[in-house]
1. Filter the stretch 154-196 for residues that are part of a helix (DSSP H, G or I) and not hydrophobic (A, V, I, L, M, F, W, C); which is farthest from the chain's Cα centre (by Cα)?
2. When residues of the stretch 12-41 are filtered for being at pLDDT 95 or above and within 20 Å of residue 84 (Cβ to Cβ), how many remain?
3. Name the single residue that is surrounded by the most Cβ atoms within 10 Å (Cβ to Cβ) among those in the stretch 1-27 being in a loop (DSSP other than H, G, I, E, B) and under 27 Å from the mean Cα position of the chain (by Cα).
4. Go through the stretch 197-245 and tell me which strands (runs of 3 or more DSSP E), entirely inside it, have 1 or more residues that are surrounded by fewer than 21 Cβ atoms within 10 Å (Cβ to Cβ) and either in contact with a Ser or Thr (Cβ under 6 Å, 6 or more places away or on another chain) or touching a residue at least 12 places away in the same chain (Cβ under 8 Å) (or both).
5. Only one of 188, 140, 181, 164 is free of Cβ contacts under 8 Å to residues at least 60 places away in the same chain and within 28 Å of residue 56 (Cβ to Cβ). Can you tell me which?
6. Regarding residue 122, is this residue over 30 Å from residue 176 (Cβ atoms) and not basic (Lys, Arg)?
7. Can you give me the number of residues within the stretch 274-286 that are farther than 14 Å from residue 260 by Cα and either over 13 Å from the mean Cα position of the chain (by Cα) or polar (S, T, N, Q) (or both)?
8. Could you check the stretch 28-72 and list, in sequence order, the residues that are assigned to a loop (DSSP other than H, G, I, E, B) and more than 28 Å from residue 141 (Cα to Cα)?
Amino acid sequence: MSHIYDVVIVGSGPAGMAAGIYAKRAGLQAVVLEKTGICGGQVLSTYEVDNYPGLPMSNGFDLSEKFREHAERLGVEIKAAAVERIEDGGKTKILITDDGNYETKSVILATGADHAKLGVPGEEDLTGMGVSYCATCDGAFFRGRTVAVVGGGDVAVEDAIFLARGCEKVYLIHRRNELRAAKILQDALMKLPNVEIVWDSELKEITGEDQVESLLIYNKKTQQTMQLTVAGVFIAVGNVPNTALVEGFVAMDEKGYVIADETCETSVPGVFAAGDVRTKQLRQIITAASDGANSVTSVERFLLNNA
């Protein structure tokens with residue numbers, strides 16, 4: 001472990017690849033570590049992407065390929081390595097990985113977050129084919145059709161309101177008899193004529209051949225099941241940030257997200273968080289890429305002040 005990098009970027013989603021591109025253009029000695037060996041992160045499971053400026057009607061795989069190709073064309077070093085933990089070595093940080101140890105002056109955490117899943121039959125098989133975890137990403141593809149949202153918190157209600165603007169009908173499936181969302185959101189939801197709340201109910205199965213066709217719903221009060229015919233289902237039961245490797249190392253909020261603002265600076269000097277892994281209002285491809293750029297600017301400032 002004789003080589004010391006200026007920055008090690010953990011994760012190769014939009015935030016990580018943007019950071020790699022900006023780091024290379026800034027002349028920094030950088031490496032991107034990707035645990036799966038396949039660049040892209042969560043975007044890979046997004047079947048259609050129509051909200052990334054300049055690249056309409058793309059898909060997650062193609063967009064990820066463009067990010068990777070751009071980075072490789074600039075000479076960004078990308079290695080397959082799963083980071084197990086980060087140790088503070090004073091002026092440097094040591095990343096312990098399954099591919100040996102990496103020593104660096106700074107670290108950008110771009111490990112992303114995974115959508116919390118229900119684990120019901122059909123969910124995994126039909127992801128990207130009617131099963132979605134992001135209404136703002138995929139809602140436009142269901143304009144004029146009937147869809148369902150699963151959840152009862154702020155995100156679920158916001159998704160239902162958003163989808164109701166373009167969909168013929170929206171079912172909101174919630175396992176309790178009252179919503180957890182903020183009252184102002186509930187009030188807005190209740191005013192919508194094309195939204196129907198399915199109370200005290202759980203989604204048990206998603207069915208369809210090559211596309212979502214129907215949902216099997218179980219009502220806990222009546223103990224009866226019913227089938228809803230829908231073209232899509234949006235699961236909004238939370239996200240799980242990928243922060244296990246820095247648990248106890250950097251400050252996190254109650255949900256496990258790394259606390260960092262637009263500068264991407266964390267509670268540990270020299271460690272930065274970019275993309276879905278950090279505390280933020282909106283988690284989208286474009287905001288993750290923006291974080292990647294911001295994090296490198298912060299790294300440059302840090303390296304200059306700690307030369």
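1. So, considering only residues that are part of a helix (DSSP H, G or I) and not hydrophobic (A, V, I, L, M, F, W, C), the one farthest from the chain's Cα centre (by Cα) is 187.
2. 4
3. The selected residue is 12.
4. Counting at least 1 such residues, we get 201-207, 214-219, 224-229, 239-241.
5. Among 188, 140, 181, 164, only 164 is free of Cβ contacts under 8 Å to residues at least 60 places away in the same chain and within 28 Å of residue 56 (Cβ to Cβ).
6. Answer is no for this residue.
7. The qualifying residues number 1.
8. 28, 29, 35, 36, 37, listed by residue number.
The values are calculated or read from the model by the stated rules, or taken from the named source; none is laboratory data. Quantities reported herein were computed from a predicted structural model and do not represent experimental measurements. So basically every Cβ, Gly included, is an ideal-geometry build from the backbone, and we count neighbours across all protein chains shown.
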